[in-house]
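This report refers to the structure that appears directly beneath it.
The values are calculated or read from the model by the stated rules, or taken from the named source; none is laboratory data. For clarity, every value in this text was computed on a predicted model and none was experimentally measured. Here Cβ is always computed from backbone atoms with ideal geometry, including for glycine, and neighbour counts include all displayed protein chains. Side chains are part of the model used for accessible areas, which takes the heavy atoms of the whole protein and leaves out ligands, DNA and RNA. Shrake-Rupley method; radii C 1.70, N 1.55, O 1.52, S 1.80 Å.
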Amino acid sequence: MSSSKPPLLADATRDLAAFAASIRYDDLPAEVVARIKTSALDSIGCCLFGATLPWTQHVQAMVDEAGAAPVASLFGTGRKSSVADAVLVNATAGHAFELDDIHKESIVHPGSIALPVALAFAERDGRWSGRDLITAMATGYEIGTRVGNAATMSLFFRGFHPQGTSGAFVGAACAGKSLGLDAARMQHALGIVGSQAGGLMAAQEGAMVKRFHSGRAAQSGVYSALLAGKGFTGITDVLEASYGGYLAVYSDEPRPARLTDGLGSEWETAKVGYKPHASVTSIHSALDALTHLMTTHGLAPDDIAAVDVGVSHMTFVHCAWDYKAQGVTAAQMNLYYGLAVIAHDGVAFVSQYREDRLADPKLMDFIGRIHAYEDPEIDAMGPAFRHAATVALRTRDGRSFKHRILNRRGSPENPLSAADVEYKFRNVVESCLSPRDIDTVVRLCDSLDTLDDVAPLIALLAAPRAAASRP
């Protein structure tokens with residue numbers, strides 16, 4: 001069925017594809033280069049730790065059984081597979097523990113897709129420079145986040161996971177740039193991947209498959225670019241088609257102008273932020289507000305009689321469902337569990353999400369004292385403040401305290417520094433890299449824009465590693 005309605009934004013897919021195909025390293029602003037270098041380090045940490053986790057290892061085993069031509073490494077294993085299967089595993093690893101970078105407006109985690117895709121092609125082809133890697137990653141970041149911007153939060157409210165849907169365009173653009181596709185074939189790559197986008201948000205309540213959405217987005221991107229390179233055709237107006245197009249299908253309230261607003265002059269890549277907590281981004285402001293109150297007033301968990309948490313409608317829908325000990329994924333996505341571990345441990349990082357903590361009676365008791373609600377004042381501020389939170393405490397001796405955080409740590413408005421990300425990286429990988437190798441990865445990422453060959457970095461990521469302590 002064809003539609004007589006006009007496109008949502010004429011030639012949007014063509015224009016994005018032409019831009020993606022035209023990007024050269026010298027076109028990238030200094031802030032974009034710096035952001036990709038930091039994101040590379042952050043994403044490597046996510047992938048290496050994620051490779052040790054059970055859900056990633058299920059995907060590794062499936063890929064091993066397939067026995068594809070060994071041209072690209074499965075990180076941390078010493079084994080190889082095809083480019084498409086390697087990115088399936090490595091991008092699943094990148095999203096395996098809610099640690100990967102986040103673009104606020106699009107709700108996409110581009111690093112866990114772009115880094116595995118670019119490195120897989122670099123290893124297959126040989127002799128990629130650091131600038132080649134930065135360029136391929138930045139292309140994926142820029143196209144995928146713009147697609148997510150245009151889809152808006154409506155995509156999420158309809159129950160789709162942005163990582164598996166808009167994230168597929170990260171994979172296709174990064175893979176297309178890695179293959180050197182021209183504008184016409186890049187357009188077909190985007191048109192192919194749009195038909196493969198998928199991922200349901202119900203996966204957040206206990207299922208391993210949420211992590212797999214990232215792997216599939218990366219793999220679909222690779223398939224799409226490889227097919228386009230061979231002359232296979234896709235939907236040339238996949239983003240803007242009024243019937244059956246990506247925005248029309250996935251979003252009730254798309255903003256198609258966000259696909260190309262400031263294209264080439266305002267880089268969405270430079271707005272990517274990083275996570276200080278191993279949990280869904282939407283609850284970070286609430287976690288930090290509780291930390292502030294407990295630290296400022298010298299409170300212990302047993303001092304607190306009640307916690308009231310005001311959040312946006314999106315955060316409430318996303319994270320304020322009744323907590324049950326259903327698994328690591330559910331705990332990382334849940335507001336109540338996150339607040340409970342912050343109250344007791346002061347952090348919400350790796351050890352807080354071990355299986356043996358998920359039904360801890362002390363945590364469950366604290367959860368019973370938490371009440372969450374939709375804060376109309378936060379919603380009135382608009383989508384840019386969807387991560388804001390107001391936390392109010394009442395102590396057992398009758399005192400009351402309140403704190404509001406509008407911009408979470410790691411957001412464009414309240415960014416983590418490169419030094420903060422390095423600190424996070426060192427802590428994430430301490431169980432799976434030696435101190436010397438940690439230092440080497442930090443140095444290589446810091447000098448990525450001057451590396452003649454990324455092979456030494458790939459060799460470090462490819463080497464078999466000891467398993468981390470299992471969550």
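Some values worked out for this structure:
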| read-out | value |
| --- | --- |
| Criterion (more than 18 Å from LEU259 (Cα to Cα), in a loop (DSSP other than H, G, I, E, B) and open to solvent by 10 Å² or more (accessible area, probe 1.4 Å)) met by exactly one of ARG127, ARG131, ARG185 | ARG127 |
| Scan of the stretch 366-396 for residues that are over 14 Å from VAL307 (Cα atoms), part of a loop (DSSP other than H, G, I, E, B) and not hydrophobic (A, V, I, L, M, F, W, C), ordered by number | ASP375, GLY382, ARG386, HIS387 |
| Close pairs (8 angstrom Cβ cut-off, 6 or more residues apart or separate chains): of a type in the set (D, E, K, R) in the stretch 331-345, surrounded by 24 or more Cβ atoms within 10 Å (Cβ to Cβ) anywhere | ASP345/GLN352 |
| Residue list for the stretch 235-249, filter: within 17 Å of LEU16 (Cα to Cα) and open to solvent by less than 50 Å² (accessible area, probe 1.4 Å) | VAL238, LEU239, GLU240, ALA241, GLY245, TYR246, LEU247 |
| Residues that are touching a residue at least 40 places away in the same chain (Cβ under 8 Å) and open to solvent by 80 Å² or more (accessible area, probe 1.4 Å), drawn from the stretch 375-401 | GLU377, PRO383, ARG394, ARG396, ASP397, ARG399 |
| Conditions (1) in a loop (DSSP other than H, G, I, E, B); (2) in contact (Cβ under 8 Å) with a residue 60 or more places away in the chain; (3) farther than 20 Å from ALA173 by Cα; number of the one not met by LEU41 | (1) |
| Pick from the stretch 306-319, criterion open to solvent by less than 10 Å² (accessible area, probe 1.4 Å) and either under 24 Å from HIS109 (Cβ atoms) or not small (Gly, Ala, Ser) (or both), ranking: farthest from the chain's Cα centre (by Cα) | VAL307 |
| When residues of the stretch 213-234 are limited to those that are farther than 22 Å from ALA202 by Cα and either touching a residue at least 60 places away in the same chain (Cβ under 8 Å) or not assigned by the TED database to the domain that holds ALA202 (or both), the one most open to solvent (accessible area, probe 1.4 Å) | TYR223 |
| Residue match in the stretch 437-449 (condition: surrounded by fewer than 14 Cβ atoms within 10 Å (Cβ to Cβ) and farther than 16 Å from LYS37 by Cα) | no |
| Scan of the stretch 160-189 for residues that are of a type in the set (S, T, N, Q) and over 26 Å from ALA96 (Cα atoms), ordered by number | GLN187 |
| Some residue of the stretch 163-178 being surrounded by fewer than 24 Cβ atoms within 10 Å (Cβ to Cβ) and not polar (S, T, N, Q) | no |
| Residue within the stretch 283-305 that is within 30 Å of PRO7 (Cβ to Cβ), in contact with a strand residue (DSSP E or B) (Cβ under 6 Å, 6 or more places away or on another chain) and buried (at least 21 other Cβ atoms within 10 Å of the Cβ) present | no |
| Hits in the stretch 358-397 (condition: in contact with a His (Cβ under 8 Å, 6 or more places away or on another chain) and of a type in the set (Phe, Trp, Tyr)) | PHE366 |
| Hits in the stretch 1-17 (condition: surrounded by 13 or more Cβ atoms within 10 Å (Cβ to Cβ) and of a type in the set (Lys, Arg)) | ARG14 |
| In the stretch 329-371, the residues that are of a type in the set (Val, Ile, Thr) and either modelled with pLDDT of 95 or more or open to solvent by 40 Å² or more (accessible area, probe 1.4 Å) (or both) | VAL341, ILE342, VAL347, ILE367, ILE370 |
| Among residues of the stretch 41-88, those that are farther than 23 Å from SER178 by Cβ and open to solvent by 30 Å² or more (accessible area, probe 1.4 Å), counted | 9 |
| Criterion: open to solvent by 40 Å² or more (accessible area, probe 1.4 Å) and within 21 Å of the chain's Cα centre (by Cα) - qualifying residue of ALA34, ALA20 | ALA34 |
| Filter pass, GLU253 being buried (at least 18 other Cβ atoms within 10 Å of the Cβ), in contact with a helix residue (DSSP H, G or I) (Cβ under 7 Å, 6 or more places away or on another chain), at pLDDT 95 or above and of a type outside the set (Lys, Arg) | no |
| Scan of the stretch 403-421 for residues that are among the charged types (D, E, K, R) and open to solvent by less than 60 Å² (accessible area, probe 1.4 Å), ordered by number | ARG408 |
